[in-house]
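The values are calculated or read from the model by the stated rules, or taken from the named source; none is laboratory data. In this text, all values refer to a predicted model and were calculated from it rather than measured experimentally. All Cβ positions, glycine included, derive from the backbone under ideal geometry; neighbour counts span all protein chains shown. Side chains are part of the model used for accessible areas, which takes the heavy atoms of the whole protein and leaves out ligands, DNA and RNA. Shrake-Rupley method; radii C 1.70, N 1.55, O 1.52, S 1.80 Å.
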Amino acid sequence: MKELEYPFDGAWIMKKRRKLKNMLLEDRSIRIEKRIAVLGGSTTSDIISAMELFLLNLGIKPLFYESEYARYWQDAMFDNPELEKFKPDIIFIHTSSRNLDFFPENVTCTPQEMEDALMAQYEHFEQMWERISEVYSCPIIQNNFEMPSYRLLGNSDAWDIHGKINFITRLNCKFYEYAQKHPSFYINDINYVSACYGLDEWLEPKYWYLYKYAMCVPAIPVFAYNTVRIIKSIFGKNKKVLALDLDNTLWGGVIGDDGQEGIEIGHETTMGQGYEEVQRYIKAHKQMGILLTVCSKNDEENAILGLEHPSGVLKPDDFTVIKANWNPKDINITETAGELNFLPESFVFVDDNPAERAIVEGQIPGIAVPDFETVEECISSIDKAGYFEVTALSADDSKRGEMYKANAERAKLQKSFGSYEDYLKSLDMNAKITDFEPIYLQRIVQLTNKSNQFNLTTRRYQLDEMNKIAGDSSYIRLCGSLSDRFGDNGIVSIVIGEIIDSTVHVDLWLMSCRVLKRDMELAMLDELVRQCREHSLTKIIGHYYKTNKNAMVADLYGSFGFDKVQEFDNGDSTWELEIANYKNKNYVIRVNEQERITR
């Protein structure tokens, strides 16, 4: 829904929120259900209403638990049967500078007294986080603290130990240190959001005195949207690809008319500096694992010439796919998505031309199309929309572009072979399939929250939960990585099976789209059966839970030789495999060969 995409009108959303909710629910979209507990230090009902709208719009159906006013700490720290029964997927702690109870407003305090107050305030929160982790084992989202509405000490408030700004700044830094050490703990940066909105407006006192709101009512959707950015990232709802126009988007001018020397990029002109900053911003996304593609109405020769401009930051090698032709851009994006094995809705289309934006947005459901009028607005329009919110970064993320470029080389090679099996053998593939190793747990969790097309149950896991599974002998765990003559694809497949009596129930089976049709699924199945035999198990039970994205694996178990034993009206199904007579199915991938050599 366009009204709920950045930039939006917060005041209008608050007025129309009931109508907007009804419209979202009436579209009958398939959404993943998530339980979110909101523990507030101020009034949270309207924040929850706004969060619900944004989450529904992103494909998440939220169920909320709401603490009573200002009882966030009590709800977390004491026995709470209601919250325990709720079984939250996420706990969000909504506190603000109004909840800093330990700050001594006394300029005669000694440095040690101020330090003791800071530690007492921090430990008040740390104790709560530790107990939430112990009892609920779910991710925690915690606000940092916005600046106060006044500076008792004037400019000295920032550096003097008695200043509240100094106290808040130091406390925020301690929160950040905790976040750095706890991967399932996330900071909701209310400090930044309130500064962008305008602190005086954000902290309009009447809203606190009248309603105990930590912010003005029109700012509630802005705050809620920032919170939802974290939630949708945790649950794998981020975008994955930037599809970029060239002329007047990555540089000023038209390369076909102006030539390389005539386009604006670099320090020589005011506009050129703006386009250079855009290119630097875009290139930084590549390091985060976002794929960069070109979607431009241009001759390819001219497009490459523009990207090779001496002052340009982005070069042809930075792009996984370059579509520079005169085809409609929605067709180019759809074709690019097919080549990358992504859904088109995973794309963000960046183009200065509003007509092109409207066509692509109208033809490709779910694609993100930021609006901007000038180069100066481009970065802000992408950044504040939060398409690529980072909640975890792995070593594989920085290599993702190269991995997909290697896939393009594989596709070229395939055309030279008469049989597909001969092509697969020519790739010289090696797989490493092992139990979960601690060093890879963060990547494993990340993969469970990203993969949708090849994911039989679409279970989502968080690090605390995965740590428990990793140490539980009642599970068979498989982590598969794949390399070939073109490079290393990293960890690409995960299987989790729970042992119950003489059977293993597959709770999770997923694979990255970048290794589809390479027989990695067969290698994983062979290893699963081998380990079942080691455990004297006789049967594998698999489940397929239908979503609007994973239709490609609806009959995967059937192709493996499983028998379908149950099918439901909603498309879900249950499958069984007796393993006594099972024969290996993988003939093209060498599995754990280096490990055998080492032994």
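The residues of the range 380-397 that are of a type in the set (Gly, Ala, Ser), outside any helix (DSSP H, G or I) and under 21 Å from Gln446 (Cβ atoms), listed by number, are Gly386, Ala392, Ser394.
Only one of the numbered conditions (1) farther than 22 Å from Lys232 by Cβ; (2) of a type in the set (A, V, I, L, M); (3) open to solvent by less than 30 Å² (accessible area, probe 1.4 Å) is violated by Ala179, and that is (1). Pairing residues of the range 472-483 that are touching a residue at least 40 places away in the same chain (Cβ under 8 Å) with residues that are aromatic (Phe, Trp, Tyr), at Cβ distances under 8 Å and at least 6 apart in sequence or on separate chains, gives Arg477/Phe436; Cys479/Phe436; Cys479/Tyr440. A count restricted to the range 210-237 and to residues that are free of Cβ contacts under 8 Å to residues at least 12 places away in the same chain and touching a Lys or Arg at 6+ places or on another chain (Cβ under 7 Å) stands at 0.
What residue, among those in the range 233-268 that are in a helix (DSSP H, G or I) and out of contact with any Asp or Glu (no Cβ under 7 Å at 6 or more places or on another chain), is surrounded by the fewest Cβ atoms within 10 Å (Cβ to Cβ)? This residue is Glu261. Would it be correct to say that Lys564 is under 24 Å from Gln453 (Cα atoms), open to solvent by 70 Å² or more (accessible area, probe 1.4 Å), out of contact with any Leu (no Cβ under 6 Å at 6 or more places or on another chain) and not small (Gly, Ala, Ser)? So Lys564 passes the test. Candidates are the residues of the range 485-510 that are among the hydrophobic types (A, V, I, L, M, F, W, C) and touching an Asp or Glu at 6+ places or on another chain (Cβ under 6 Å); the one that is most open to solvent (accessible area, probe 1.4 Å) is Phe486. Evaluation of Phe349 against the conditions (1) within 29 Å of Ile230 (Cα to Cα); (2) of a type in the set (Phe, Trp, Tyr); (3) surrounded by fewer than 20 Cβ atoms within 10 Å (Cβ to Cβ) shows that the sole unmet condition is (3). Do we find a residue being more than 24 Å from Glu534 (Cβ to Cβ) and among the charged types (D, E, K, R) anywhere in the range 428-447? Yes, some residue in the range 428-447 is more than 24 Å from Glu534 (Cβ to Cβ) and among the charged types (D, E, K, R).
Residues that are open to solvent by 60 Å² or more (accessible area, probe 1.4 Å) and either at pLDDT below 95 or closer than 21 Å to Thr44 by Cα (or both) within the range 112-149 comprise Glu134, Ser149, listed in sequence order. Residue check, Arg35 against (1) open to solvent by less than 80 Å² (accessible area, probe 1.4 Å); (2) touching a residue at least 40 places away in the same chain (Cβ under 8 Å); (3) in contact with an Asp or Glu (Cβ under 9 Å, 6 or more places away or on another chain), all met but one. Which one? Against the list (1) open to solvent by less than 80 Å² (accessible area, probe 1.4 Å); (2) touching a residue at least 40 places away in the same chain (Cβ under 8 Å); (3) in contact with an Asp or Glu (Cβ under 9 Å, 6 or more places away or on another chain), Arg35 comes up short only on (1). Scanning the range 582-599 for residues that are exposed (fewer than 15 other Cβ atoms within 10 Å of the Cβ) and either modelled with pLDDT of 90 or more or within 33 Å of the chain's Cα centre (by Cα) (or both) yields Lys583, Asn584, Tyr587, Arg590. Residues that are closer than 15 Å to Tyr404 by Cβ and of a type in the set (Lys, Arg) within the range 308-338 comprise just one, Lys323.
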